[in-house]
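*Asks:* Next up is a structure, given as structure tokens.
The values are calculated or read from the model by the stated rules, or taken from the named source; none is laboratory data. From a predicted model like this one, the values you see are computed outputs, not experimental measurements. For neighbour counting, all protein chains shown are included, and Cβ atoms are generated from backbone atoms with ideal geometry for every residue, glycine included. We work out accessible area using only protein heavy atoms, side chains counted, and drop any ligands, DNA or RNA first. Shrake-Rupley method; radii C 1.70, N 1.55, O 1.52, S 1.80 Å.
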Amino acid sequence: MQIRRLCEVQVCGQEFSKETIVRIREVIDHDPEISRGALSRKVCEWLQWRTKKGQLKQVNCRVALLKLQQRGEIELPAVKAFPGGRAKRSRRVERKPQKRWKGKLEQLGPIRLIAIGSADRQAAGTWNQMMNQHHYLGAGPLCGAQMRYLIDSENYGYLGGLSFSAPAWRLESRDQWIGWDDRARRQNLNRVVANSRFLIVPQVSAPNLASHVLGMAVARIRADWMERYGEDLVLIETFVDRQRYNGTCYRAANWIEVGETKGRGRQDQNNRQEVPVKKVLLYALDKETRAVLCRCEGAATTAKAPMPEAKPEDWTEEEFGRAQLGDERLNQRLQTMARDFYANPQAQIPEACQSRAKTKAAYRFLGNPNTAMNVVLEPHYQATIQRIAKEKVVLSAQDTTSLNYSAHPLTNGIGPIGSKKDGGAIGLIVHDTIALTLEGTPLGLLNVQCWARDKESFGKHHQRKDKPIEQKESFKWLSSYQAAAEAQRQCPDTMIVSVGDREADIYELFELALEDPKGPRLLVRAEQDRLLGDGQAHLWPFVEKQPVAGSYQLAVPRRYHRPARTAQMNVRFAQIHLNPPKTKTHLKPVTLWAVLAEEIDPPANVEAICWMLLTTCPVVNFQQAMERIHWYICRWCIEVYHRTLKSGCKIEERQLGSACRIETCLAIDMVVAWRIFHLTKLGRETPHVPCTVFFEESEWKALHAYITRNPTPPAEPPTLQTTMNWVATLGGYRGRKGDGYPGTQTLWKGLQHLDDLNEMWLFMAKNYAPQLLSPSVSRTPT
């Protein structure tokens, strides 16, 4: 009698308990004639082993049963012969030999990807024939779930094919890039897919064809995979045989190389390393791919910080060089548009682009479905996180503004932004988050949310208490905080503080900020006089009864008709306990610290300044209270940023026809506005550094010649502050004793003139004074 082992095992990502193995044995012993297909269906039903679309995973189960038999756990019934005799093979589709073709990509006409379904025998036969004839790996078999495509051209016919199938179970370079442990890999491997075949037939030669097809494929595989299998993909992997290919088309399509394989195939159980070593390339389909893949139940795993890369050549490459738009030409167009918008921030698109060809390309870019706002902004987010990692404390200020397009009422996709449903202002709502140093220097954007209000649901404010926070517009504050939390995970040595104004006084936001002790801190100006727990009465009377911890003087700037003044402020603070509102009993009580800054003896007919700040940071002395107040004062920088965006970049004057195009254009304008604001602050923080950290050689030399009326440039570049003053002078800055530093308004006006001066200086120098030229200097900020 054969003695069989009995143990709990994991096969094909599924746990097979002792009870399940015993149950499988009993079914086989009771019905020795049962087919393996029927047995796999029973096991899938026992284990509820289904796809996201509810289908039984019979193929996976058949493989798992075979592995259990190999391990000696079970003994499967014999394979039954097909009742109809030998199955007929699908008829191969013979195609006439294709002629050689060489030319430009545009001459091929429209190119499309044809998805091959399970019943498409003719298309499948064509795909198999091409792969067997031209691909060194042949047509297969492909592993696990799979999608196959034919590449079809209107003017030529079939250009080739590609396929996606199950990823490698373990892959060192990929797993290290993600930051995976075994638990996270087991739970999230189904969100990764492998590009297992890619073929352009050798008879066809067209520059950029391969990268163009790859861009089309990655743009649709996520939706196609979801439709067929119900799984939301976030990462694609592929392998390039380094002895055969260089992987140039993948890199041109924005795939990144993360390492090499070990020379072991999928079936290499004895570590013989008999297959060629291949390059490993990855393509992220989501802006938070690593964070998504590292989330798992029962473990707190976070994504690793971005890997260091080569130093960018200029600011546009630093902010947009890692964009994943599916086509390298789109990436280059994005950087070109950013340079043009920055050189002439107040100009409309035709004026900024300076040529009909560039203008037409810009409008095509804005209408491309692959250039959504979040995709365009993603590389800027990553550049911002890299700058955050260099600071000890960073403020993440968030606020809401509106974009008024009432002058263009025929724009598709916009909605009401005022208090009236009909006849009021229409446009878009923007909620953004900007990272700031303690000196107020903007490091970049962390999150941008843009939407149009639904006219039909307008005026239902009274129903707000019946909706969960996720269905309210106020959820924008929690989304912004979550973006700050992601930045905090990637920058563990930096303390990030999320700062919001009175609209952010939301109980769910307080609870979210206290969930993770390692997450960002929170500072919000109180709007509501909340009822406190532990018999502490209401918020305002309780804090006002606390003793005065100290006083300070606040410089209040001039505003409209009110002159500048100095306010004398008293400071109080206390620890408070809040219970959840009566309508939100499912929430937990929270403990916060309150800081009250109140003006004493304000001038006549002037409203006294009074700030009640709530924070998750402990406040136990006057110095800490003053630090929290300083954080809130820095929040005003986001108001200056919004003014720069609207008045400096004229985003509300864009006439693009639809909200989708406006959002894409807004993404570029927001980075340009940040760049102008950053330059303003940088000149105040580091006035004595050389101007070459921000300006090209031709730019500062053109400025010097224009301002000083001296065509001979100095031996050493001027300081950054001097050059900024020159630029501001072009925009109307006078530089008088009481004028202070130049602001964003004079700078953005001066930058428009600088571009014209630069073009004229370069033309004159190249044609009449080449001795003035020297190798260009990068203006990447340090």
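*Asks:* Less than 11 Å Cβ to Cβ from Asn404, Lys/Arg counted +1 and Asp/Glu -1: what total charge do the surrounding residues give?
*Replies:* -1
*Asks:* Sticking with this one: List the residues, sorted by chain then number, that are 5 or more residues from Arg565 or on another chain and whose placed amide H is less than 5 Å from its amide H.
*Replies:* Amide H neighbours of Arg565, under 5 Å, 5+ apart: Val556.
*Asks:* Just add up the charged neighbours of Asn374: K/R +1, D/E -1, any other residue whose Cβ is under 11 Å from the Cβ of Asn374.
*Replies:* Charge balance near Asn374 sits at -3.
*Asks:* Once neighbouring chains are kept in place and the probe is 1.4 Å, which whole percent of the accessible area of segment 502-572 is contributed by carbon and sulfur?
*Replies:* Numbers: 2040 of 4190 Å².
On segment 502-572, the fraction of accessible area on carbon and sulfur atoms equals 49 percent.
*Asks:* Report the FRET efficiency, 1/(1 + (r/R0)^6), for Val606 and Lys99, where r is their Cβ-Cβ distance and R0 is 60 Å, rounded to 0.05.
*Replies:* Calculated value: 0.10.
*Asks:* When only DSSP loop residues count, what GluC sites (Glu not before Pro) in segment 504-546 have their Cβ near at most 16 other Cβ atoms within 10 Å?
*Replies:* Glu527
*Asks:* Which of rounded, prolate or oblate describes segment 325-461 when judged by the alpha-carbon gyration tensor and an a/c cut-off of 1.5?
*Replies:* oblate
*Asks:* Among the listed pairs Lys279/Lys392; Lys545/Lys582; Lys104/Lys360; Lys287/Lys472; Lys472/Lys646, which are separated by more than 28 Å between their Cα atoms?
*Replies:* Lys279/Lys392, as the Cα separations exceed 28 Å there.
*Asks:* Another one. Within segment 147-209, what whole-number % of the accessible surface is contributed by carbon and sulfur, with the 1.4 Å probe and all protein chains included in the calculation?
*Replies:* Answer for segment 147-209 is 40 percent, counting heavy atoms of protein chains only.
*Asks:* Still on this structure, please answer the following. Can you tell me the accessible area per residue over segment 134-200, all protein chains present, probe 1.4 angstrom, in square angstrom?
*Replies:* 37 Å²
*Asks:* Now for a separate question. Restricting to Cα pairs below 8 Å that are 6+ residues apart, what does the relative contact order work out to for segment 343-431? Please round to a whole percent.
*Replies:* Working: 62 pairs, mean separation 16.6, N = 89.
In percent, rounded to a whole number, it is 19.
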